[in-house]
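For reference, the structure is listed below as structure tokens.
The values are calculated or read from the model by the stated rules, or taken from the named source; none is laboratory data. If you're wondering where the values come from, they're calculated on a predicted model, not measured in any experiment. Neighbour counts run over all protein chains shown; Cβ positions are idealised from the backbone, glycine included. What goes into the accessible areas is simple: the full protein's heavy atoms, side chains included, and nothing from ligands, DNA or RNA. Shrake-Rupley method; radii C 1.70, N 1.55, O 1.52, S 1.80 Å.
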Amino acid sequence: VQLQASGGGLVQTGGSLRLSCAAPGSAFGISANRWYRQAPGKPREYVAGITTIGRARPVYAESVKGRFTISRDDAKNMVYLQMNSLKPEDTAVYYCNAIAPGKDYWGQGTLVTVSS
């Protein structure tokens, strides 16, 4: 399983970006897709997650709830992270992740920089 994230860039405070990740879904044994981020000098942290099976609601970190939206397009095997009302503290490298039983897949990160 190979994950490919894209869509990062430089944006001003209050702006929006949409991250994309080519990520297989349940047909490939993947049970959930998640986004994580890592700011300079800080540990990697969970941002948002969505299951590939069923209709469970996405789960968000408190710091992004109400501003970020995770979604999947199963037909395209894509996962998205729509980020609105961006803040300087959202600056980080964002990683997409896929979970399968006993396995954990990571893509390369995409850098998001929010200027104040």
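Structure above, values below:
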item: Scan of the stretch 1-15 for residues that are outside any loop (DSSP other than H, G, I, E, B) and open to solvent by 30 Å² or more (accessible area, probe 1.4 Å), ordered by number; result: GLN4, SER6, LEU10, GLN12
item: Within the stretch 59-78, tally of residues that are modelled with pLDDT of 95 or more, over 17 Å from VAL112 (Cα atoms) and surrounded by 18 or more Cβ atoms within 10 Å (Cβ to Cβ); result: 1
item: Subset of the stretch 16-36 (residues that are under 18 Å from VAL93 (Cβ atoms) and either more than 14 Å from the chain's Cα centre (by Cα) or open to solvent by 10 Å² or more (accessible area, probe 1.4 Å) (or both)); result: LEU17, ARG18, SER20, ALA22, ARG34, TYR36
item: Any hit, the stretch 64-71, residues being in contact with an Asp or Glu (Cβ under 9 Å, 6 or more places away or on another chain) and among the polar types (S, T, N, Q); result: no
item: Subset tally (residues that are within 18 Å of LYS65 (Cβ to Cβ), under 9 Å from the mean Cα position of the chain (by Cα) and either of a type in the set (S, T, N, Q) or open to solvent by 10 Å² or more (accessible area, probe 1.4 Å) (or both)) for the stretch 81-100; result: 1
item: Checking PRO88 against (1) modelled with pLDDT of 95 or more; (2) out of contact with any strand residue (DSSP E or B) (no Cβ under 7 Å at 6 or more places or on another chain), the condition it does not meet; result: (2)
item: Verdict on ASP104 being under 12 Å from TYR36 (Cβ atoms) and open to solvent by 60 Å² or more (accessible area, probe 1.4 Å); result: yes
item: Any hit, the stretch 48-56, residues being more than 30 Å from SER115 (Cβ to Cβ), surrounded by 14 or more Cβ atoms within 10 Å (Cβ to Cβ) and without any contact (Cβ under 8 Å) to a residue 40 or more places away in the chain; result: yes
